[in-house]
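Following: one structure in structure tokens, then a few remarks.
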Amino acid sequence: MEALLKSMQNTSPKASSHAMWWGTLGTVRPFPNFNSEKDAREIQTALESKASDVNTLVRILTNRNNAQRQSIAESYHNLTQKELCPALKKALSGGLEQLMLGLMMTPSQFDAHRLRQTMEGIGTDEESLLAVLCTKSPQQLKDATIAYKQEFGRYLENDLISETSKDFTKLVLAILKKEELNSKEMVDYQLIDQDVKALNDAVNGKKKDPAPWIQVLTTRDSNHLNRVLSRLEDLRGETVDKTVQSHFSGDLRLGFRTLVGSIPSIPMFLAQRLHSNIKKGSLVQGILISHSEEDLLCVRIEYRKLTNTSLYSTLQKEYKGEMQQALLALCRSEDL
């Protein structure tokens, strides 16, 4: 398994087809012998019990994949003439409510809600906003943009413009609309040289020019960018992260650092993010739900390499009760 994950670690998540969206590197798989009507009846009983049977709700909904959960919601509606999400909201509270409602969203709805949450209230959570944008494929971002309009009646691009400023706005919009323009079928050494020169020249003058960095980092695939950034480090004799820290500032620096940090391996980036924020329940939930059917096995392997501890054991230590039960079900198993 680790050999398979290692071979995949430098790839970005792809969503060009339904099959790739629900990839084989996820931890949550289709439940065998699935019966949506049976699950809906069990959930109805659990919700109608005197003190809602939370264990049953968690057991069922964390052990079905997203398509099966959508089918359960439909069966529940047919059975009760009521929507499942409001019933769950009434029965649950706090972080567990947030987690279970997140599980009931489609992937694009969930991404849209995560993006909206980063911009709600006073100020914008730029770090969380970037973490979502930088770990999604171009197709996933398109789907999230459509879902954002459907869910909130607002345009994601307009909200990003109003919540950001100057060059950081240009970077965020470029990530949102990112298109990988280089050919993935061949290694274009001429383009690599051209990109390395553009990035280096942009930080060598008196006035630093972020435009080439935005253009290159948001229009190339990860394999090409890994070569470009490695060559840039050799040329400058320092890490790309250090170059970014030395020559850019504010939100733009944060944006470039996040983007550069996610390019070598998205699972490694997510593992680092989990390690630094393991006590932040909403962040942990966001990663586990979003990646449970995509590449969470890869994230687990990277977490183990980074911390010498399994993600499963860490969650077991940091969380209790039904929340622990839900997170462990999404994580699925130990990595020894």
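The values are calculated or read from the model by the stated rules, or taken from the named source; none is laboratory data. Model, not experiment: these values are computed from the prediction. A quick note on method: Cβ atoms are made from the backbone with ideal geometry, for glycine too, and the neighbour counts reach across all protein chains shown. The protein model used for the area step is the full one, side chains on, heavy atoms only, and it has no ligands, DNA or RNA in it. Shrake-Rupley method; radii C 1.70, N 1.55, O 1.52, S 1.80 Å.
In µm²/s, what is D for the stretch 195-294 at 37 °C and 0.692 mPa s, where D = kT/(6 pi eta Rh) by Stokes-Einstein and Rh is the Kirkwood radius from Cα pairs? It would help to have the intermediate numbers written out before the result.
Details: Rh = 14.8 Å.
Answer, rounded: 222 µm²/s.
Do the alpha carbons of any pairs in Lys242/Lys280; Lys279/Lys317; Lys136/Lys207 sit beyond 22 Å of each other, and which pairs?
Values: Lys242/Lys280 27 Å; Lys279/Lys317 10 Å; Lys136/Lys207 32 Å.
Correct reply: Lys242/Lys280; Lys136/Lys207.
Tell me, what is a quarter of the convex hull surface for the C-alpha atoms of the chain, in nm² with one decimal?
Value for the chain: 18.3 nm².
Once the other residues with Cβ under 12 Å from the Cβ of Thr169 are scored (Lys, Arg +1; Asp, Glu -1), what is the net sum? Before the final figure, lay out the partial values.
Values: positive: Lys166, Lys170; negative: Glu126, Glu157, Asp159, Glu163, Asp167, Asp251.
Charge balance near Thr169 sits at -4.
Where in the stretch 91-112 does the amide nitrogen come within less than 18 Å of the point 7 Å from the Cα of Ser52, taken along Cα to Cβ?
91-105
If a helix is a whole DSSP H run, which ones in the chain reach 20 Å or further along their own axis (Cα) and hold a mean Kyte-Doolittle hydropathy of at least -1.0?
138-152, 189-204, 222-236
To the nearest 0.05, how large is the calculated FRET efficiency for Asp125 and Asn200 if R₀ is 35 Å and r is the Cβ-Cβ distance? Provide the component values of the computation, followed by the final result.
Values: r = 32 Å, r/R0 = 0.91.
For R0 = 35 Å, the calculated efficiency reads 0.65.
Compute the relative contact order of the stretch 136-284 as a whole-number percentage, counting only Cα pairs closer than 8 Å that sit 6 or more residues apart in sequence. Intermediate results must be reported in sequence, preceding the final value.
Values: 107 pairs, mean separation 29.1, N = 149.
Rounded, it is 20 percent for the stretch 136-284.
Please report Rg (one decimal) and Dmax (integer) in Å for the Cα set of the stretch 208-261.
In order Rg, Dmax, the Cα atoms of the stretch 208-261 give 10.5, 28 Å.
Given R₀ = 22 Å, what would the calculated FRET efficiency be for Gln245 paired with Thr309, taking r from the Cβ atoms and rounding to 0.05?
It comes out at approximately 0.15.
Show that you can apply the helix-only estimate: for the chain, add -39,500 (n - 2.57) for every DSSP H stretch of four or more residues, divide by all residues, and state [θ] at 222 nm to the nearest 500. All intermediate terms of the calculation are to be shown ahead of the outcome.
On the way: 22 runs with 233 residues, N = 336.
It comes out at -20500 deg cm²/dmol, rounded to the nearest 500.
Go ahead and run the numbers for FRET between Gln190 and Glu233, Cβ-Cβ distance against an R0 of 25 Å, rounding to 0.05.
Taking R0 as 25 Å, the efficiency between Gln190 and Glu233 is 0.80.
Quote the charge dipole size of the stretch 194-280 about the Cα centre in Debye, to the nearest 20; the model charges only the Cβ of Lys and Arg (+1) and of Asp and Glu (-1). Walk me through the numbers on the way to the answer.
Working: 14 positive and 9 negative charges, 56 e Å.
My answer is approximately 280 debye.
In nm, to one decimal, how far is the Ser276 label point from the His77 one, both placed 7 Å along Cα→Cβ?
Label-label distance for Ser276 and His77, simple model: 4.0 nm.
Suppose each label sits 7 Å from its Cα in the direction of the beta carbon; what would the Arg116-Asp221 distance come out to in nanometres?
3.4 nm
I'd like to know how the stretch 97-252 sits against the 2.2 N^0.38 Å rule of thumb: what's its Cα Rg over that expected value?
On the way: Rg = 17.3 Å, N = 156, 2.2 N^0.38 = 15.0 Å.
After normalising by residue count via 2.2 N^0.38 Å, the value is 1.16.
Among Ser93, Ser108, Ser222, which one shows the biggest mean-square fluctuation in a GNM of the chain, springs joining Cα atoms closer than 10 Å?
Ser93
Lysines within cross-link reach of Lys82: Cα-Cα under 25 Å, excluding same-chain residues under 8 positions apart?
The reachable lysines, counting only those whose Cα sits under 25 Å from Lys82, are Lys38, Lys50, Lys90, Lys149.
Please tell me the relative contact order of the chain in percent, rounded to the nearest whole number, where contacts are Cα pairs under 8 Å and at least six residues apart.
Details: 394 pairs, mean separation 83.9, N = 336.
Over the chain, the number comes to 25 percent.
Using a 1.4 Å probe over the heavy atoms of the protein chains, calculate the carbon and sulfur portion of the accessible area of the chain as a whole percent. Working shown, then result.
Values: 8090 of 16290 Å².
Within the chain, the accessible surface is 50 percent carbon and sulfur.
Label-point separation (nm) for Ser183 and Thr169, each offset 7 Å from Cα along Cα-to-Cβ?
With each label point 7 Å from Cα toward Cβ, the separation is 3.8 nm.
Would you mind working out the accessible area per residue for the chain, using a 1.4 Å probe, and quoting it in Å²?
Heavy-atom SASA per residue in the chain reads 48 Å².
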